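One structure is given here, and the rest of the page talks about it.
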Amino acid sequence: LAKTTQPISMDSYEGQEVNITCSHNNIATNDYITWYQQFPSQGPRFIIQGYKTKVTNEVASLFIPADRKSSTLSLPRVSLSDTAVYYCLLISGGYNKLIFGAGTRLAVHP
Amino acid sequence: GAGVSQSPSNKVTEKGKDVELRCDPISGHTALYWYRQSLGQGLEFLIYFQGNSAPDKSGLPSDRFSAERTGGSVSTLTIQRTQQEDSAVYLCASSPVDSNYEQYFGPGTRLTVT
C-alpha cells in the first residue's frame with residue numbers, strides 16, 4: 001500500500017485558513033485521496049475525497065496537483081471546534097479497510 | 001437517522017476474563033468494520049464484514065480475537081483471556097456497499113484491562 005506522510009502537528013488561530021499537506025509519492029493510478037477528521041473521544045468522520053484537481057464541499061477544499069504525489073486539505077476560517085486530528089488516506093476501489101497513519105493534530109487557539 | 005451505536009461505552013475487566021463488544025451499524029449498510037485505537041495512537045484495522053461473511057480478518061492480532069455478524073446487521077467482537085495490551089478504544093464503522101471510502105464510525109468502546 002502506498003504510504004502517506006503529513007505533519008505531526010499544526011497550530012492556528014481562529015479565523016485563519018489552515019492548509020494541511022499530505023505527501024504520497026507512490027500513489028497508484030486507482031487510489032483516491034481521502035481525509036478524515038477525529039475529535040477527542042469520538043470515531044473518525046469523513047471530510048472529503050478527491051482524485052485530481054480541486055474538490056470543495058461545505059466543510060473543506062482538497063487541492064491535488066497534476067502529478068497527484070501530494071494533496072492539500074484547506075479549512076477556511078477555522079474555529080476552536082476545528083481542533084482535531086486530521087488523517088490523509090489513500091483508498092483504492094474495492095479495497096475496503098482504511099489504513100490510518102498518525103495524522104496531523106491541529107490546535108486552533110483563540 | 002440513527003448512526004452507528006456501540007455498547008458498552010466503557011468496559012473494565014480483569015486480565016484473563018473474556019469480553020464481548022457489540023456494534024449496531026446503520027440500517028441498510030452491508031459493510032461493517034472493526035478497528036482499535038490504543039492511547040495516543042492511530043487506528044488499527046481488525047476485521048471487515050460484507051454481509052455475514054468476513055473476507056478480511058487480517059487485522060485480528062491473535063486467535064484470542066474473534067468476531068461474528070448475524071442477520072447482516074449486529075456484530076460482536078469477542079476477546080478471550082484479555083491481556084493488558086488489549087486495552088484500547090474499539091471502534092466499529094459501517095458503509096453502504098458502494099461507498100467503501102466513506103465509513104461511518106460509532107463512538108467506540110473503551111476497554112481497560114486491569
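Read-outs: derived from the displayed coordinates by stated rules, not from any lab. What you are looking at is a predicted structure, and each value in this text was computed from that prediction instead of being measured. All Cβ positions, glycine included, derive from the backbone under ideal geometry; neighbour counts span all protein chains shown.
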**Report entry** Checklist (1) surrounded by 14 or more Cβ atoms within 10 Å (Cβ to Cβ); (2) within 14 Å of chain A (Cβ to nearest Cβ); (3) more than 14 Å from the chain's Cα centre (by Cα) applied to B:Ala31, failing item
**Finding:** (3)
Requested in this report: Among what's in region B:46-62 and is over 17 Å from B:Lys11 (Cβ atoms), within 14 Å of chain A (Cβ to nearest Cβ) and of a type outside the set (Gly, Ala, Ser), pick the residue that is surrounded by the fewest Cβ atoms within 10 Å (Cβ to Cβ).
Outcome: B:Pro55
Report task. Would you mind stating whether B:Ser73 is crowded, with 16+ Cβ neighbours inside 10 Å, part of a loop (DSSP other than H, G, I, E, B), more than 10 Å from chain A (Cβ to nearest Cβ) and polar (S, T, N, Q)? Result -> yes
**Report entry** Residues satisfying the stated conditions in region B:84-114, i.e. outside any strand (DSSP E or B) and either within 11 Å of chain A (Cβ to nearest Cβ) or touching a His at 6+ places or on another chain (Cβ under 8 Å) (or both)
**Finding:** B:Pro96, B:Val97, B:Asp98, B:Ser99, B:Asn100, B:Tyr101, B:Glu102, B:Gln103, B:Gly106, B:Pro107, B:Gly108
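Conditions tested, residue by residue: (1) closer than 18 Å to A:Val18 by Cα; (2) within 11 Å of chain B (Cβ to nearest Cβ); (3) not β-branched (Val, Ile, Thr).
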{"residue": "A:Lys52", "(1), (2), (3)": "no, no, yes"}
{"residue": "A:Val59", "(1), (2), (3)": "yes, no, no"}
{"residue": "A:Asp67", "(1), (2), (3)": "no, no, yes"}
{"residue": "A:Leu75", "(1), (2), (3)": "yes, no, yes"}
{"residue": "A:Cys88", "(1), (2), (3)": "yes, no, yes"}
{"residue": "A:Phe100", "(1), (2), (3)": "no, yes, yes"}
{"residue": "A:Gly103", "(1), (2), (3)": "yes, yes, yes"}
Report summary line: Of the listed residues (A:Ile64, A:Ile47, A:Ile20), the one being among the β-branched types (Val, Ile, Thr) and under 27 Å from B:Trp34 (Cα atoms) is A:Ile47
Query raised in the report: B:Phe65 versus (1) within 14 Å of chain A (Cβ to nearest Cβ); (2) aromatic (Phe, Trp, Tyr); (3) over 17 Å from B:Ser5 (Cβ atoms): which is the lone unmet condition?
Result: (1)
**Report entry** One residue from B:Arg36, B:Arg81 being outside any loop (DSSP other than H, G, I, E, B) and either at the interface with chain A (Cβ under 9 Å from one of its Cβ atoms) or basic (Lys, Arg) (or both)
**Finding:** B:Arg36
Requested in this report: Give, as residue ranges, the strands (runs of 3 or more DSSP E) completely inside chain A that count at least 1 residues that are among the small types (Gly, Ala, Ser) and surrounded by 16 or more Cβ atoms within 10 Å (Cβ to Cβ).
Outcome: A:9-13, A:45-50, A:61-64, A:70-75, A:84-92
